[in-house]
Amino acid sequence: MKRHFLDFREYIDRNNRAFLVFIFALCSLNFGFLSLVAHFSHYGDIARATCQWDCRWYTGIVHNGYDRLPRLQGSDGLTQADWAFFPLYPLVSYAMQVGLHISTLWAELSVNLILWPVLIYLCWRELAARAINVDRIGFALFCVLYPFNIWYTSQYSEGVYGVLLISTLILLRKNHILWAALACFLLGFSRPTGFPTGVMIAGWWFFRRTGITLRTRSIVRGRLAVPAQESFLLISAAGAGLSVFVLYLYNLMGDGFAFSHVEVGWEKHFSFFLTNFIDSFLQAKKIKLGIYFIFSCYFIYGMLLKKWYLNFAIMAFIALMVGSTGLESIERYVFSNPLMIEFLAFLTLTQARVRRWSILTLLLVLHIVVIELWFHGHIALI
């Protein structure tokens, strides 16, 4: 038996296509488990069980497009507006619905069921491009058991955003600038954090191409021109993606930045992040947010110590941005980000054998707990 497993592992290690098929098979098993939980726990159809929180907004956009006016007395307690949700994921879901002639919920879910295995594979490829070698089977297993992957198996925009983010990095490492610019355009069109993420990637690319570091004593001006042009292209592309949505909203209801203004309806106001952090421990319902923030800072600092500078810069910015707007959904924005998943997988798979399997076992338990919380629409995960 052990011999067969070693042969299988060797086959997966030397065959990228087999590895991708293995990831899809593992994700399919996980989805089957989700379906069984939904069925035996009387949550109903799996597509309905996974549709929680923001899923209702995305479904409304796919069905009817964006609202011209806020929903002052909407159904399900939704009394704000859908302008905060960027259009790429609804557009892809709509195309899936029309192309396959399936329901909206199943179309939205199918997008992530396809993209999540692809993202796992791309994350491994991105690590390999940095000469960071981790066990393939262990990496896939970690990602599937990781409890904060719930948004990748629900009707959320994480799959689209994650694939574009990691694809941009891979394309840049292969020096495919134009394709990377296209990915940045779609990144800016996918989520509010897409444009600033594109800007940070462009900055990283500039310093990578020029070789400038903190210890650089002299700079040759001639070698700055091409990297500066490439970085400006990436920023412009990400900005263009954001601008398309801004222009659309301006034409629709007269406020191009309504996606930002509507956040006020969710009590998100910019303030000093430490004030929000302290405030989270003064309110019983927000203590969990403060705990999430502490863990976020711990692992982000770990990225800096391991010299994962790009991961550190992007994740630090995201944590700071979320922390400055009240810490709401920090577990989603930080711990579901593929750059964080990569890092946590690396930390786990570089542990001693006993500790590694202990962590994976703990993740399995937490995975089941999070599924139950999600199906119940628990406020701990939004």
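For the chain, just give the cysteines left without a disulfide-compatible partner, judged by no other Cys Cβ under 4.7 Å.
C27, C123, C143, C184, C297
Can you work out the accessible area per residue across the chain, with the rest of the protein chains kept in place, probe 1.4 Å, in square angstrom?
I get 49 Å² per residue for the chain.
Treating the Cα atoms of segment 1-376 as identical point scatterers in vacuum, please give the log10 of the normalised Debye intensity I(q)/I(0) at q = 0.12 Å⁻¹, two decimals.
For segment 1-376 at q = 0.12 Å⁻¹, log10 I(q)/I(0) is -1.01.
Among C297, C184, C123, determine the one that fluctuates most according to a GNM of the chain built with springs between C-alpha atoms less than 10 Å apart.
Judging by the Gaussian network model, the answer is C297.
When the accessible area of the chain is split by element with a 1.4 Å probe, what percent falls to carbon and sulfur?
65
In whole angstrom, how far apart do the alpha carbon centroids of segment 122-174 and segment 328-354 sit?
Here the two parts' Cα centres lie 11 Å apart.
Give me the percent relative contact order of segment 1-153, please, defined on Cα pairs under 8 angstrom at least 6 residues apart.
25
Run the numbers on the chain and let me know its relative contact order in percent, using alpha-carbon pairs under 8 Å that are six or more apart.
Relative contact order of the chain: 18 percent.
The values are calculated or read from the model by the stated rules, or taken from the named source; none is laboratory data. Predicted, not measured: the structure shown is a model, and the values here were computed from it. So basically every Cβ, Gly included, is an ideal-geometry build from the backbone, and we count neighbours across all protein chains shown. Please note that ligands, DNA and RNA were not included when accessible areas were found on the heavy atoms of the full protein model with its side chains. Shrake-Rupley method; radii C 1.70, N 1.55, O 1.52, S 1.80 Å.
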